[in-house]
1. Among the strands (runs of 3 or more DSSP E) confined wholly to the range 273-335, which include 3 or more residues that are more than 22 Å from the chain's Cα centre (by Cα)?
2. If I ask for residues that are touching a Lys or Arg at 6+ places or on another chain (Cβ under 7 Å), assigned to a helix (DSSP H, G or I) and surrounded by fewer than 16 Cβ atoms within 10 Å (Cβ to Cβ), which ones from the range 67-88 would you list?
3. Of all residues in the range 214-254, which are in contact (Cβ under 8 Å) with a residue 24 or more places away in the chain and touching a Lys or Arg at 6+ places or on another chain (Cβ under 6 Å)?
4. What do you reckon, is Ala276 touching a residue at least 12 places away in the same chain (Cβ under 8 Å) and within 24 Å of Ala253 (Cα to Cα)?
5. Could you tell me whether the range 217-232 includes any residue that is surrounded by 13 or more Cβ atoms within 10 Å (Cβ to Cβ), over 19 Å from the mean Cα position of the chain (by Cα) and in a helix (DSSP H, G or I)?
6. I want to confirm something. Restricting to the range 129-161 and keeping residues that are surrounded by 14 or more Cβ atoms within 10 Å (Cβ to Cβ) and free of Cβ contacts under 8 Å to residues at least 24 places away in the same chain, which single residue is farthest from Arg87 (Cα to Cα)?
7. Which pairs do you get when a residue that is farther than 25 Å from Asp375 by Cα, found in the range 162-187, comes within reach of a residue that is among the basic types (Lys, Arg), reach meaning Cβ atoms under 6 angstrom, with the pair 6+ apart or on two chains?
8. Within the range 89-113, which residues are surrounded by fewer than 17 Cβ atoms within 10 Å (Cβ to Cβ) and of a type in the set (A, V, I, L, M, F, W, C)?
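The values are calculated or read from the model by the stated rules, or taken from the named source; none is laboratory data. If you're wondering where the values come from, they're calculated on a predicted model, not measured in any experiment. As a convention, Cβ positions derive from the backbone with ideal geometry for all residues, glycine included, and neighbour counts pool all protein chains shown.
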Amino acid sequence: MICMLNFIFSKPLLVAHVAAAVFLHGSQLQSILGNDFSQAIATLRTIAPSENGNRQAVPAATLLQQASGADLIPVLTAMKDATPVGRNYLAMVANSLYRKSGSALNSQLDEFLQNTNNDGEARHMVLQWLTANDTKKRNEKLAYMTEDPSLELRFAAIELALTRAEDISDKASKTTRLNSLFNSARQPTQVIAIAKKLSDLGQPVDMIKHFGFVNRWNLIGPFDNIGEAHFDTVYPVESDLIGNKSSLSAEYAGKSGPARWIQHTTDNQEGVVNLAELYNKEKGAIVYAFQTFEFETAKDIELRLGTINANKVWWNGELVTSNEVYHASMEIDQYIAIAKAKPGINRLVLKLCQNEQTQGWAQDWKFQIRLCEADGTAVLPK
């Protein structure tokens, strides 16, 4: 239900765990896995980010590292749909097996790279292996990958295409090429960089639509959060919103008087809503944001939130992410929650909490959120 930024397990630490595994777990290899290559792969694919998960992963990874280079392709194939931690273990094993295989499997690896159904990170690794110290070969392969489903390969291909676009002297042709790359790009910093290039050419783009940012909101507040005491307080407006009983004409008892709904549309191209500006830099306060979206069919979506403030997000009454963090950072796609859009009307509710810190860097009270697919492609309601 809740999906924040992916847990990233340190690869150097993985190596240390596995290096120690022969000493710590060598006697367990036969009893736990029975030298079963397939079972070892299955174990790694489902490893969770926990101490118990690592205890299971270490003997499995150690066993796989004892395989021959000829077993590389099954390990790469297993990376698809593996858990984030499992993918890291499998990638480490794959690197070890590739060192054993040398160039013997290059033709099979090239087929693996060309098959876009394979795991994107695994295919990116294969590209690096096949084109190591051969820039010309790398560029030839990347030239056809600006629409690749692998975000790693797509990013690299677009970076190469951007470099080549700098050599286009005709303004119209350059603008056309950059527009095409803008439409293909998914990585936020790359999208923003291309948008800047197009703006410099006199061709502004709609980043709100490209990213799927929500820029129209119903807002209500402020409510009390003195002493950071009300992150979990269920104010009447919250229970009404979650229970689908809210009315945009209703008033509620606020922090210092009646709280009323306001409508706000942000013109910020990154969808940022500045609550400090809207609510007179109120401190120790909470504001709720609400919007509805209509879809014709059911679909899986991601809600990607960026905010420097403590927050909760509900989709159709279900809490999908909750982060009691004040003034840590803010960036696009900072928190990622998985949700299911249903046919018809869907309801999005945010709770955004400001504390009372007085330092200059603690004055921000703002947020941005977008609806997109797993690869970052915007999901646009009716």
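1. Numbers: elements: 285-295, 299-307, 310-315, 318-323.
Correct list: 285-295.
2. If the condition is that a residue be touching a Lys or Arg at 6+ places or on another chain (Cβ under 7 Å), assigned to a helix (DSSP H, G or I) and surrounded by fewer than 16 Cβ atoms within 10 Å (Cβ to Cβ), then Gly69 is the only one that fits.
3. Correct list: Pro222, Phe223, Asp224.
4. Working: touching a residue at least 12 places away in the same chain (Cβ under 8 Å): yes; within 24 Å of Ala253 (Cα to Cα): yes.
Against the criterion (touching a residue at least 12 places away in the same chain (Cβ under 8 Å) and within 24 Å of Ala253 (Cα to Cα)), Ala276 qualifies.
5. Going through the range 217-232, the residues surrounded by 13 or more Cβ atoms within 10 Å (Cβ to Cβ) turn out to be 217-225, 228, 230-231.
Those left that are additionally over 19 Å from the mean Cα position of the chain (by Cα): 217-225, 228, 230-231.
Of the ones still in play, those that are also in a helix (DSSP H, G or I) are 228.
Yes: one or more hits.
6. The selected residue is Ala161.
7. Short answer, once both residue conditions are applied: Ile168/Lys174.
8. The one that is surrounded by fewer than 17 Cβ atoms within 10 Å (Cβ to Cβ) and of a type in the set (A, V, I, L, M, F, W, C): Ala104.
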